[in-house]
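What follows is a short report on a single structure.
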Amino acid sequence: MTDGLILFFSAAIVNNFVLSRFLGICPFIGVSNHLSAALGMGGATTFVLVLAAGSCYGVNHLILAPLGLSSLDLIVDILIIAVAVQLVEIFMARFTYGLYQALGIYLPLITTNCIVLGLVLLNGTLEQNFAESLIYAAGAGAGFTLVLTLFAAMRERLAISDVPAPFKGTPVALIAAGLMSLAFMGFAGFAGSVA
């Protein structure tokens, strides 16, 4: 139980995929204009991360490895991710159409979002078991959602703030993202001192 919590919080906060591994930057910048869109994108990406991690683990370990087809794992992983994203897109179009429209092009782009493929490939190199893969994926999704939500809240606040003209828009957003990255790197120093 404790190992699972450590793995979850390690993926969510200490080794955050966006702020320490720099994966998932496109939706981080593109969808973080409004808090509701950021929450929706974070939830959709978390669902895809967990579904892809579990599915890819099962296919890679139960089908490809026993048949000696491990060289096909990257292609199969990409296909599984694409199917997972399509399922999320169909679900959102049917049940949360407003959010589906708000996310726009960024929803189908989860398929090519490097955080999803990066997580699946990292799970393979870390040689985690099925439960650890799911916990790590849930932690990565929670960290992505947390960072996306915090950044969206900061950008909404910055939009109404008195910012000098040269810094308005993207420049001040990137400065805020850098400061947030520095803050999250402090967790890595804290985790090292506790261990």
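Can you give me the accessible area per residue for the range 74-147, using a 1.4 Å probe, in Å²?
Per-residue accessible area for the range 74-147 comes out at 50 Å².
Hey, what angle do you get for helix 73-95 against the long axis of the chain, alpha-carbon based, 0 to 90 degrees rounded to 10?
The angle comes out at about 60 degrees.
Quick one: go through the range 5-43 and flag any residue whose amide nitrogen is under 18 Å from the point 7 Å out along the Cα-to-Cβ line of A183.
Only 12-22, 28-29, 32-36, 38-39 pass the distance filter.
What FRET efficiency comes out for I175 versus S36 if R0 is 25 angstrom and r is the Cβ-Cβ distance? Round to the nearest 0.05.
0.55
The values are calculated or read from the model by the stated rules, or taken from the named source; none is laboratory data. Since we're looking at a predicted model, the values are computed, not measured. Positions of Cβ are backbone-derived with ideal geometry, glycine not excepted, and every protein chain shown enters the neighbour counts. Remember, those area values only see protein heavy atoms, side chains included, never the ligands or the DNA or RNA. Shrake-Rupley method; radii C 1.70, N 1.55, O 1.52, S 1.80 Å.
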